[in-house]
There are 2 protein chains.
Amino acid sequence: MVEPLDERQQECWRAYIESSWALQTHLEEDLRARTGLSMSDYHVLVVLSEAPSRRLRMGELAGFMVFSPSRVTYQITSMVKRGLVRRESCPGDRRGQEAVLTDEGMAALVAAAPLHLATVRDSLMDDLDDAEVAVLARVFTRLGTRLRPAGTGARRHPCATDRPLRRDPHLA
Amino acid sequence: MVEPLDERQQECWRAYIESSWALQTHLEEDLRARTGLSMSDYHVLVVLSEAPSRRLRMGELAGFMVFSPSRVTYQITSMVKRGLVRRESCPGDRRGQEAVLTDEGMAALVAAAPLHLATVRDSLMDDLDDAEVAVLARVFTRLGTRLRPAGTGARRHPCATDRPLRRDPHLA
């Protein structure tokens with residue numbers, strides 16, 4: 001028998017899960033309206049922009065996303081059609097395939113990043129004081145560590161608002 | 001020009017968004033493996049179980065979910081096929097339709113709720129101390145209020161782990 005959540009825990013859980021779900025919907029709708037990109041598109045662009053030579057094997061890419069491998073294939077096919085990514089055979093392994101960020105894909109990311117950042121600030125970050133920032137960082141870092149499968153220490157689920165801003169001089 | 005997040009804010013945002021995304025994926029996979037229900041199924045069951053006479057107009061149901069109305073229609077059609085919900089004409093309004101929780105749907109919720117609660121405890125809630133519970137409740141209640149469209153004060157996005165446990169004597 002699992003003990004029910006007490007009143008304060010219930011309040012916490014419902015506020016967290018309901019607001020987080022609403023925030024993800026808001027971020028998705030906002031990004032799509034302003035840039036035509038989905039959050040999944042955006043995450044693939046961020047991950048590839050941070051990879052060496054802006055390219056990753058399909059399996060590596062799947063490891064960076066929350067997606068299943070079949071979902072990654074579907075996602076990349078859609079992005080290839082729109083010119084954001086191209087597929088190439090892996091050097092030295094003809095059966096393997098890599099996803100490579102195109103110049104058009106990089107330009108789309110550079111254009112989208114500040115708009116996404118503004119939404120992230122407006123919806124959550126600008127509302128938090130220093131103590132709240134510290135508690136959220138601590139709690140959700142622990143959560144990420146618990147949820148990360150053993151042996152995949154390098155695996156992340158990137159939603160980096162900041163990375164292209166820091167890495168790409170055009171965004172500085 | 002939007003100011004980039006500082007280092008502590010970046011750490012907070014990435015930990016929060018990446019871990020929350022991973023948690024939602026984990027909750028979804030876990031629920032599906034243990035009960036055959038998706039999180040969307042579960043939420044519809046919870047919302048209907050809390051409604052008067054366990055029934056809601058399709059439009060009202062959409063207001064409780066993060067879904068678009070078209071997505072709600074698709075979701076309910078799938079649940080009708082599985083016997084969890086039935087569709088009925090609204091009394092006094094033949095053009096309107098209501099979704100009604102079936103006994104089978106209520107039984108599925110009663111069976112799933114304690115399993116879902118255990119996962120919620122294991123993955124997040126049992127890890128939080130009292131001060132963290134208070135901060136998360138405060139931050140995400142504010143977030144929910146900001147994201148809620150004006151004039152929809154009663155609208156919620158229910159993910160109630162606790163409700164069926166408290167309301168249904170079979171779960172007490």
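The values are calculated or read from the model by the stated rules, or taken from the named source; none is laboratory data. Everything numeric in this text was worked out from a predicted model, so none of it was measured. Ideal geometry is used to build each Cβ from the backbone, glycine not excepted, and the neighbour counts take in all protein chains shown. Surface accessibility is based on the protein's heavy atoms, side chains included, excluding ligands, DNA and RNA. Shrake-Rupley method; radii C 1.70, N 1.55, O 1.52, S 1.80 Å.
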What about A:Ser70, is it of a type in the set (Ser, Thr, Tyr), free of Cβ contacts under 8 Å to residues at least 24 places away in the same chain and more than 25 Å from B:Phe64 (Cα to Cα)? yes
Consider A:Val47 carefully, then state whether it is within 24 Å of B:Leu136 (Cβ to Cβ) and in contact with a Phe, Trp or Tyr (Cβ under 9 Å, 6 or more places away or on another chain). no
Which numbered condition B:Thr77 fails, given (1) within 14 Å of chain A (Cβ to nearest Cβ); (2) part of a helix (DSSP H, G or I): (1)
Okay, helices (runs of 4 or more DSSP H) sitting entirely in the stretch A:1-65 with 3 or more residues that are facing chain B (nearest Cβ under 7 Å) and surrounded by fewer than 23 Cβ atoms within 10 Å (Cβ to Cβ), I get A:7-35
Somewhere in the stretch B:105-112, is a residue surrounded by fewer than 18 Cβ atoms within 10 Å (Cβ to Cβ) and under 16 Å from the mean Cα position of the chain (by Cα)? yes
Determine if the stretch A:71-89 includes at least one residue that is open to solvent by 60 Å² or more (accessible area, probe 1.4 Å) and small (Gly, Ala, Ser). yes
Find the residue count for the stretch A:90-128, including only residues that are in contact (Cβ under 8 Å) with a residue 12 or more places away in the chain and more than 14 Å from chain B (Cβ to nearest Cβ). 13
